[in-house]
Each structure stands twice: as structure tokens, then as C-alpha cells.
Amino acid sequence: MNRKLVGIGLALACVIAFGSCKPKQSAYKSVYESAKEREVEENTASNSVSRPATTTPSYSTESVRKEKVTPVYESDASGLKAYSVVIAAMAMKPGAESLKQRMENEGYNIILARNDQGMFRVIIASYDSKEQAVAKKNEILAKFHSMGDATTLKNKYGIPFNDWWILQREY
């Protein structure tokens, strides 16, 4: 009888000991999401078209990317125009929503849009003309660059401030 109790006790101790070493799924999920966001940022940076190095914005030579996008939230539908300033492209909705909240805390009205491939576009401004979008992009970037260098800004907001681009909406 004593042997059975000792055996059951040892078995129970082993189950508890090995069961407590089990990794949490949420830890894997957060690491996966952050790695996926870095991958998307790297892909976006490598696919970006180089822009001319001028101090005065040249609206006719500013590159645009054409995509069919739809607003994530119905309340943003009226704010999404033909040309938009995209500050980030993210694969995961929580990351896009987190950036949206950080930028809204700075006073910007952010629109989340999703393309056909499922990527989330974080849009800081949207206009009917390319010229207005380019001018606003340059104005906002100048404001942020006056607040600090690129590393400081990236640490604070989690996005690169040298890879903003203009999205031309396809319908």
C-alpha cells in the first residue's frame, strides 16, 4: 500500500513538474507577430521605388503605388479618397490598430485600410489630388523630423520615417 502511494505521489510530482514547464501560446504569438511586422517592413522597404533627392517636392515625379483598398471601419469610408499618405503597412490588425492609437494621440485622424492581399495600410491623410497628398506628406514629415532624428522617432512610434508613400486608390 505504501509503495502504491509513493508511486502515485512520484507520478503526480512528475506531472506537476513537467506540466509547469509548458510554454505559453501567447508568448509564441507575440514573437510571431513582431517578426511578421519586421518582415513586412523589410519587404516594403526593399520594394519601394526610389524618389528623387530634391528639397522642393516635385509632384509630377513623386512615385505612387496603386492598390484596391477598402476601409477597415465603415466610419472611415468617407475619409478615404483617391490619394492617401501611407505611413505603415502591416500584416497584423493589432499592430495597425496600436499605431493608429499612437498617431491619434498626436492629433491625427488615422484611417485603416486593407488591400486584396490582406495587408493593413495605416493612412495619415487622404485627398482627391496627388499634389495635396504629396504636400501633406512633406508637411507632416517635416514636423516629425523637427522633433528628433530618425532613430528617436522610430523608437517612439515604431515605424520608419523614411518610407512613407502615396497610395493611389483603385476602385
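The values are calculated or read from the model by the stated rules, or taken from the named source; none is laboratory data. Keep in mind that what you see is a predicted model, and the values were worked out from it rather than measured. Cβ: placed from backbone, ideal geometry, glycine included. Neighbour counts: every protein chain shown. Note: areas computed on protein heavy atoms with side chains; ligands, DNA, RNA excluded. Shrake-Rupley method; radii C 1.70, N 1.55, O 1.52, S 1.80 Å.
For the reader, a short list of remarks on this structure follows.
- The number of residues in segment 144-170 that are closer than 12 Å to TYR83 by Cα and open to solvent by 80 Å² or more (accessible area, probe 1.4 Å) comes to 1.
- Candidates LYS100, LYS154, filtered to the one that is among the basic types (Lys, Arg) and in contact (Cβ under 8 Å) with a residue 12 or more places away in the chain: LYS100
- Looking across segment 69-101, just one residue is closer than 13 Å to GLY118 by Cα and touching a Ser or Thr at 6+ places or on another chain (Cβ under 7 Å), and that is ALA89.
- Members of segment 133-148 that are of a type in the set (Lys, Arg) and at pLDDT below 90: none
- Note on segment 120-143: residues that are within 20 Å of TYR157 (Cβ to Cβ), open to solvent by 40 Å² or more (accessible area, probe 1.4 Å) and not charged (D, E, K, R) total 2.
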